[in-house]
Structure formats: structure tokens, C-alpha cells
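K.L.:
Sharing a structure here in C-alpha cells format.
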């Protein structure tokens with residue numbers, strides 16, 4: 001197996017990308033290929049790991065790419081004109097079978113455009129979508145779409161529910177994942193036109209498509225542990241995602257500062273330290289890796305734009321599991337079955 005990593009994409013590139021890669025390489029079985037400006041990557045490796053060069057696995061390799069797609073670049077134009085960028089080179093390698101999964105923390109729009117234009121959509125899927133994993137009570141929560149499609153139709157949300165069902169069943173072993181529609185109320189009549197029409201479509205088609213649709217879900221109930229995935233448009237999903245991440249940081253910071261206030265609070269905190277550590281671990285989105293682009297012909301993973309070393313490490317390990325579970329192949333099979341069934 002070969003994991004392709006865009007070494008130049010993201011707010012903290014290339015330092016965080018390279019550090020995460022070398023931390024992860026001894027925890028995975030796959031070959032890991034760093035894509036980007038070779039001279040810079042080699043220099044950074046020597047800078048960070050000069051004393052440990054002998055310990056770096058020979059499974060860590062470099063593929064030269066002379067250009068970089070910046071965050072401010074227009075997505076489609078960047079894919080078409082920056083043909084030697086780390087992102088485009090990665091997509092071409094993935095398409096040509098020179099890699100099994102591609103990871104990037106770069107421009108989200110360009111990543112979606114590249115995945116769609118260069119790798120291609122699974123037949124039957126109108127729009128690929130970002131599926132991010134968030135912590136939930138004694139479990140995890142899949143959020144789709146996390147930010148790739150800001151304007152959606154009811155059919156898109158139906159397919160998001162279908163893709164998340166296939167993914168959770170085959171990758172996490174959840175036989176009948178509970179799928180909810182993110183809304184401002186649980187009643188069928190609540191929401192805007194998109195959510196109301198999506199509710200009707202999901203209710204009508206869920207049994208036929210094998211979706212365990214549990215109805216509308218309010219944001220406050222999303223992390224209850226009773227929901228395995230929530231579907232929404234990319235605009236709302238991204239706002240939800242960033243709010244959840246911000247709240248997690250707020251709670252952890254507040255706890256830390258409260259217990260470190262003075263000697264008395266430090267003493268009082270001692271018996272609670274195991275519980276506090278467990279809470280911090282559960283709320284730490286960095287341990288859950290990146291968001292998968294579900295709906296494209298090959299595995300593509302979007303790492304968080306502000307990914308640090310630890311988040312890259314988690315995302316690389318997650319990507320290896322994604323390939324091992326053959327999630328994309330199984331999704332292609334399921335949509336081909338649906339297509340054959342509809343033609344009969």
C-alpha cells in the first residue's frame with residue numbers, strides 16, 4: 001500500500017506535514033510518499049531529525065512537485081493551470097495507480113475540484129461530500145457534508161445519507177447506523193425548504209436504500225451517542241464543525257485554567273485528574289483524523305487546514321485503515337447494485 005501526502009498543503013506546511021509523517025511511519029505498514037518541493041522536504045527532514053536519520057524508515061519517500069496551490073487560488077483554475085503542484089501531482093499518482101490514498105490539508109475547493117475532475121465521481125453519485133468524524137458520547141459521529149458543497153438539493157442529502165450508511169457499515173462495523181437530518185427542530189414541518197424536502201425524500205426512500213433514517217436531529221442532541229451520522233449541506237455542516245471544535249477548545253481551556261488558579265484548586269483537582277484527562281481526550285478532534293471525500297473513485301482525505309504534527313499523524317493512520325477496509329470499492333459496488341435494481 002502507498003499513502004500519498006501533500007507536503008506543501010495547509011497552514012503549517014511543510015513542517016507539520018513532515019513531522020506528522022515521520023511520527024506515523026513507524027506506526028503504519030504502508031509506504032508513505034511526501035509530495036512537494038524535494039529540496040525543501042529533504043532539508044526539513046535533516047533539520048528536524050538530524051540525530052535520528054538512521055531510524056527513519058526506508059518506506060518514507062519523496063516525489064518532487066515544483067508548484068503549490070495556495071488557499072486564495074481559485075479551485076478549478078488552480079487544478080487546471082498548476083499542473084506541477086503537490087496537489088495535482090498527488091491526484092495524478094492516485095489516478096494512475098501509483099498510490100492508494102491521497103491526503104491534503106490544502107485548499108478545500110481545489111481538493112474537491114481535483115477529486116472530481118482528475119479522479120472522477122462514482123457513477124450514480126451527483127456530488128462527493130466531506131465526511132468528518134467527531135467525538136460523541138461513548139462513540140463517534142459522522143458529519144456529512146462538512147464543507148464541500150455549500151448549496152445542495154434534497155437528492156444530494158439523500159445520497160449523503162446513503163454514502164454514510166455504506167461507510168459506517170463497512171468501516172466501523174455498524175450494521176444499521178442511525179442517520180439523522182440536522183435541523184432546528186425534530187418536527188417534520190421544521191426547517192427551510194431544503195430540510196423539509198430532504199426529510200420527505202429520506203422518509204420515502206430510506207427503506208428502499210437501506211438507510212436507517214431516524215428523522216430530524218437538533219444540534220444539541222447530535223453528540224448524545226444515539227446518532228451515528230448527521231447529514232446536512234456543506235455550509236451548515238462547516239459552521240457546525242467549527243463551532244463544535246471551538247466549544248471543545250473552550251471547555252478544555254476553562255478546565256485547565258480553573259484548576260490551575262491557585263494551590264487550593266490544584267490540590268482539589270488531583271482526585272479528578274483521570275476524569276479530566278478522559279474528558280480532554282474525548283473532546284480532542286485531533287485524534288480523529290481528517291475528513292474523507294466520499295463519492296469519488298479513489299480514496300481522498302481532507303486534513304484540517306490548521307493541522308499540526310499530531311493531526312497529520314492521526315490522519316495518516318486513518319487513511320491506511322480506510323484503504324484496508326476497501327471502503328471505496330464497497331461503495332462503488334453498492335451504487336452499481338442500486339443502478340442495476342432501478343433499471344429492472
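K.L.:
Do you know which residues across segment 164-174 are within 17 Å of residue 207 (Cβ to Cβ) and in contact with a strand residue (DSSP E or B) (Cβ under 9 Å, 6 or more places away or on another chain)?
P.N.:
Step one: list which residues in segment 164-174 are within 17 Å of residue 207 (Cβ to Cβ), which gives 164-166, 169.
Scanning segment 164-174 gives 164, 165, 166.
K.L.:
Could you tell me which of the residues 125, 103, 133 is under 16 Å from residue 10 (Cβ atoms) and buried (at least 17 other Cβ atoms within 10 Å of the Cβ)?
P.N.:
Numbers: 125 fails: under 16 Å from residue 10 (Cβ atoms); 133 fails: under 16 Å from residue 10 (Cβ atoms).
Going through 125, 103, 133 in turn, just one is under 16 Å from residue 10 (Cβ atoms) and buried (at least 17 other Cβ atoms within 10 Å of the Cβ): 103.
K.L.:
Answer yes or no as to whether residue 72 is at pLDDT below 90 and assigned to a helix (DSSP H, G or I). So that I can check it myself, show each step before the final result.
P.N.:
Working: at pLDDT below 90: yes; assigned to a helix (DSSP H, G or I): no.
Considered against the rule, which asks whether it is at pLDDT below 90 and assigned to a helix (DSSP H, G or I), residue 72 comes out as no.
K.L.:
Would you mention how many residues in segment 7-20 are over 13 Å from residue 303 (Cα atoms) and outside any loop (DSSP other than H, G, I, E, B)?
P.N.:
Of all residues in segment 7-20, those over 13 Å from residue 303 (Cα atoms) come to 14-15, 18-19.
Subset that is outside any loop (DSSP other than H, G, I, E, B): 15, 18-19.
Of the residues in that region, 3 qualify.
K.L.:
Looking at segment 239-248 only, could you name the residues that are within 16 Å of residue 195 (Cβ to Cβ) and touching a residue at least 40 places away in the same chain (Cβ under 8 Å)? First the steps, then the outcome.
P.N.:
Step one: of segment 239-248, the residues within 16 Å of residue 195 (Cβ to Cβ) are 239-240.
The one that is within 16 Å of residue 195 (Cβ to Cβ) and touching a residue at least 40 places away in the same chain (Cβ under 8 Å): 240.
K.L.:
Now for a separate question. Can you name every residue in segment 120-136 that is more than 14 Å from residue 226 (Cα to Cα) and not in a loop (DSSP other than H, G, I, E, B)?
P.N.:
Within segment 120-136, the subset more than 14 Å from residue 226 (Cα to Cα) is 120-133.
If the condition is that a residue be more than 14 Å from residue 226 (Cα to Cα) and not in a loop (DSSP other than H, G, I, E, B), then 121, 129, 130, 131, 132, 133 are the ones that fit.
K.L.:
Same structure, new question: Looking at segment 137-160, which of its residues are outside any strand (DSSP E or B) and more than 16 Å from the chain's Cα centre (by Cα)? Steps first, answer last, please.
P.N.:
Pass one, segment 137-160, residues outside any strand (DSSP E or B): 137-138, 145-160.
Those that are outside any strand (DSSP E or B) and more than 16 Å from the chain's Cα centre (by Cα): 137, 138, 150, 151, 152, 153, 154, 155, 156, 157, 158, 159.
K.L.:
Let me ask something else. When the residues of segment 228-275 are narrowed to those that are assigned to a loop (DSSP other than H, G, I, E, B) and under 23 Å from the mean Cα position of the chain (by Cα), which ends up nearest to residue 153 (Cα to Cα)? Before the answer, list the steps.
P.N.:
To start, the set of residues in segment 228-275 that are assigned to a loop (DSSP other than H, G, I, E, B) comprises 228, 232-233, 260-262.
Filter once more, so that each one left must be under 23 Å from the mean Cα position of the chain (by Cα): 228, 232-233.
On the way: 228: 22, 232: 10, 233: 8 Å.
My answer is 233.
K.L.:
Please enumerate the residues belonging to segment 69-115 that are touching a residue at least 60 places away in the same chain (Cβ under 8 Å) and over 25 Å from residue 238 (Cβ atoms).
P.N.:
93, 95, 98, 99, 100
The values are calculated or read from the model by the stated rules, or taken from the named source; none is laboratory data. Everything quoted here is computed from the prediction, not taken from an experiment. Ideal geometry is used to build each Cβ from the backbone, glycine not excepted, and the neighbour counts take in all protein chains shown.
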